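Visitor: Mind having a look at this structure? Questions to follow.
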Amino acid sequence: QVQLVESGGGLVQPGGSLRLSCAASRSISTIYAMSWYRQAPGKQRELVAVFTSGGSTKYADSVNGRFTISRDNAKNTLYLEMNSLKPEDTAVYSCHAKVYGVNYWGKGTLVTVSS
């Protein structure tokens, strides 16, 4: 079992940057599949960025080149660096981990991109 707590959201102007963090309650060194999802108002949740079980990273086309997923196993933390933010990036961003086939989710952090 693992608890996930996101932080770092807030209000940012278009073109700005934010870094989201997802702190896990246990070591993530053996949690190979971790990812960030987002859900905008009135829309379905979508995958933003993922560390696959093979160790590679993948991104949604809409954020590729602007967002970077990273992890610090020593700090049990997953990150999402977001640059060149656009109003359409406004959403609740949630962290996800799959451990022994069980899905775990954080409660999310709100990112609002607006002038």
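Visitor: When the label point is put 7 Å from the Cα of VAL5 along its Cα-to-beta-carbon vector, which residues of the range 93-109 have a backbone N closer than 12 Å?
Guide: Correct set: 107.
Visitor: List the relative contact order of the chain as a percent without decimals, with contacts defined as Cα pairs under 8 Å and 6+ residues apart. If you can, show how the numbers build up before the last one.
Guide: On the way: 279 pairs, mean separation 42.9, N = 115.
Value for the chain: 37 percent.
Visitor: Turning to a different aspect of this structure: How big is the shadow of the Cα convex hull of the range 18-91, averaged over all directions, in nm²? If you can, show how the numbers build up before the last one.
Guide: On the way: hull surface 20.9 nm².
Mean orientational projected area (the range 18-91, Cα hull): 5.2 nm².
Visitor: Give the total of Lys-Lys pairs in the chain with Cα-Cα distances below 23 Å; include a pair only if its members are 8 or more places apart or on different chains.
Guide: 11
Only the coordinates and a few stated rules stand behind these numbers; no lab work does. This is a predicted model, so every value here is computed, not measured. When we count neighbours, we look across all protein chains shown, and the Cβ atoms used for this are built from the backbone with ideal geometry, even at glycine.
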